[in-house]
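Below is one structure, written out as structure tokens; the observations come after it.
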Amino acid sequence: GGLKPIQRNGLDYAIVRVPALTLGQYLRNFVFARLDFVKLDVNGAELPVLQGGFQAIDRFRPLMLIKFCDRYSALYGYTGDDLKTWLQNSGYEVRGLTGRLIERQHFPDSVNLLAVPAGHTCLSYLGTGGTSNVVDGGAHE
């Protein structure tokens, strides 16, 4: 037994198999009356996670805080533009943490994106805030 490390690019790795569920499967297995907020930090798998949970996202319309980086998403074959387009097509506005709408679609560094359902009451608190090309906790806006 035990984990057997493997080496790639001079770094030690261990392969661990764990059971996994999509967000949609998870929510079907448990009874939820509401889902208000989702935080995603899945090292590049953001779009596949959202796609797997589309029915729940469409039903509950939660606010979502999504940590994103093009470098990691490339491992899954999509870009920031693809993520932003998917969110917009799903009825979400993509904003920075200070509330500004995001125009930029490529994020070489990790950024935090706030996905807000169109018409959500928090939009009145965020205001229009202009637009932003880079988002990272508001430090680069």
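What follows draws every value from the coordinates through simple rules; no lab data is involved. Bear in mind that the values here come from a model prediction, so they are computed numbers and not experimental data. Cβ atoms come from the backbone with ideal geometry, glycine included; neighbour counts cover every protein chain shown.
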Test of understanding: what is the full-extension gain from Asn43 to Leu65, defined as 0.36 nm times their sequence separation minus their Cα-Cα distance? 6.6 nm
Summed residue charge, Cβ within 11 Å of Asp82's Cβ, Lys/Arg positive, Asp/Glu negative: -2
Residues whose modelled amide H sits under 5 Å from the amide H of Leu113, counting only those 5 or more places away in sequence or on another chain, are Ile66, Lys67, Phe68
Calculate, in nm to one decimal, what Thr85 and Leu101 gain on full extension: separation in residues at 0.36 nm each, minus their alpha carbon distance. 4.4 nm
What are the residues whose amide H is under 5 Å from the amide H of Tyr92, where those residues sit 5 or more places off or on another chain and H is modelled from the backbone? Ala118
